[in-house]
Amino acid sequence: MRQDHLDGLLTFIAVAEEKGFSAAAVKLGVSPSAVSQNIRNLEQRLGLVLFNRTTRSVSLTEIGERYLERVQPALEQLTSASRELGREADHPAGLLRVNVPRAAYLIVLQPVLRRFMEAYPEINLELRVENLLADIVAQGFDAGIRFGNLVEKDMVALPVGPPLQAQIIASPDYLARRGTPEHPRDLLEHDCIGFRHTTSGQIERWAFARDEEKFDLLVKGRLILNDSEILVRTVLEGLGIAYMINGYIESLLEHGRLVRLLPEWSPDLPALHLYYPNRRRVPAKLRALIDFLRNERGAVPQQIEAPLIM
């Protein structure tokens with residue numbers, strides 16, 4: 001079917017319902033001559049006479065009535081679909097798909113997830129938690145969350161979650177057995193738990209900064225992991241010292257289950273950013289998440305200890 005076969009259908013139905021060109025013109029907000037031209041073009045394309053015309057009245061021909069029976073339900077479905085989707089564009093509803101690494105889920109989303117779901121009952125949320133960098137457009141995601149320095153330049157990005165620092169943490173048990181390092185280079189004599197980045201495959205170097213002094217260390221240890229939550233668990237079990245971002249370990253520090261080491265050497269890290277494709281109109285469901293996280297930024301995170309205590 002050619003696209004131009006759809007031209008004039010609204011005019012055809014309006015004339016059929018109003019039983020006149022002038023009345024149809026008023027309904028459509030166009031001139032009677034425009035209505036007449038649209039009907040004439042439609043009849044020429046179809047090779048059919050759809051209306052009987054006299055100077056006093058307009059009525060459907062037999063073939064016109066049959067054509068109306070066929071096209072009116074289809075056009076009503078198209079109109080209904082457009083209306084429903086138009087409402088969804090202005091109302092937060094539908095499936096919202098977001099791609100996040102585990103750390104971003106634990107720091108940004110987990111503390112507020114229940115409140116967001118309660119605030120927007122018509123939004124269905126699908127989260128894919130993975131540390132690999134994803135092409136959110138190719139994979140059909142509405143948005144992603146990553147560290148700001150990893151977001152592509154053609155994306156719209158805004159900071160979410162608390163300010164981040166790299167923190168050195170250990171358990172009281174480990175420190176009682178092995179002692180407390182006084183300088184970052186003392187870590188070279190300790191059991192340090194390495195973290196291998198899934199994307200690059202590289203083991204993370206530990207960065208330190210104090211005043212104008214900055215340097216990295218490639219620490220050594222018998223254990224290498226690639227999962228943030230498991231990393232914290234192993235520290236709680238006294239298996240070594242770890243390099244960890246803040247955001248969901250605060251309660252463990254407050255309760256003395258973890259000890260922060262060398263805080264004066266902790267460098268600031270790039271903030272986590274929610275990002276999405278650059279487009280003129282952001283869907284209402286995504287706008288709802290953006291506004292919700294923006295309002296939450298800077299608030300004291302609600303710590304969820306259960307996953308780290310099991």
* What is the residue count in the range 260-269 for residues that are touching a Pro at 6+ places or on another chain (Cβ under 9 Å) and either assigned to a loop (DSSP other than H, G, I, E, B) or buried (at least 17 other Cβ atoms within 10 Å of the Cβ) (or both)? -> 4
* Structure fact -> For Glu118, the lone unmet condition from (1) part of a loop (DSSP other than H, G, I, E, B); (2) over 30 Å from Ala242 (Cα atoms); (3) not basic (Lys, Arg) is (1)
* Top-ranked residue of the range 34-79 - restricted to ones that are over 19 Å from Gly20 (Cβ atoms) and among the polar types (S, T, N, Q), ranked as modelled with the highest pLDDT -> Gln44
* To do: Kindly list, by first and then second residue, each pair from a residue in the range 103-123 that is over 13 Å from Glu296 (Cα atoms) to a residue that is β-branched (Val, Ile, Thr) and in a loop (DSSP other than H, G, I, E, B), limited to pairs with Cβ atoms under 9 Å and residues at least 6 apart or on different chains.
  => Leu106/Ile304
* Can you find even one residue in the range 51-59 that is assigned by TED's automatic domain parsing to the domain that holds Gly8 and within 51 Å of the chain's Cα centre (by Cα)? -> no
* Structure fact -> Within the range 190-201, of all residues that are surrounded by 11 or more Cβ atoms within 10 Å (Cβ to Cβ) and without any contact (Cβ under 8 Å) to a residue 40 or more places away in the chain, the one nearest to Val232 (Cα to Cα) is Gly194
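Could we say that Gly256 is part of a loop (DSSP other than H, G, I, E, B) and farther than 19 Å from Asp191 by Cα here?
Numbers: part of a loop (DSSP other than H, G, I, E, B): yes; farther than 19 Å from Asp191 by Cα: yes.
Considered against the rule, which asks whether it is part of a loop (DSSP other than H, G, I, E, B) and farther than 19 Å from Asp191 by Cα, Gly256 comes out as yes.
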* To do: Please go through the range 150-166 and pick out each residue that is of a type outside the set (A, V, I, L, M, F, W, C) and either more than 24 Å from Arg260 (Cβ to Cβ) or buried (at least 21 other Cβ atoms within 10 Å of the Cβ) (or both).
  => Glu152, Lys153, Asp154, Gly161, Pro162
* Going by the conditions given, is Asp211 at positive phi and loosely packed, with under 15 Cβ neighbours inside 10 Å? -> yes
* Whichever residue in the range 239-269 is within 31 Å of the chain's Cα centre (by Cα) and aromatic (Phe, Trp, Tyr) and, among such residues, is modelled with the lowest pLDDT -> Tyr248
* Name the residue, out of Leu236, Leu187, Leu175, that is more than 18 Å from Pro267 (Cα to Cα), more than 35 Å from the chain's Cα centre (by Cα), buried (at least 16 other Cβ atoms within 10 Å of the Cβ) and modelled with pLDDT of 95 or more. => Leu175
* Asked: Between a first residue in the range 285-298 that is within 13 Å of Val108 (Cα to Cα) and a second residue that is at pLDDT below 90, which pairs have beta carbons less than 7 Å apart while being 6 or more apart in sequence or on different chains?
  -> Arg297/Gly161
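The values are calculated or read from the model by the stated rules, or taken from the named source; none is laboratory data. Here the structure is a predicted model, which is why all the values come from computation and not from measurement. Note that we place each Cβ from the backbone using ideal geometry, even for glycine, and neighbour counts take in every protein chain shown.
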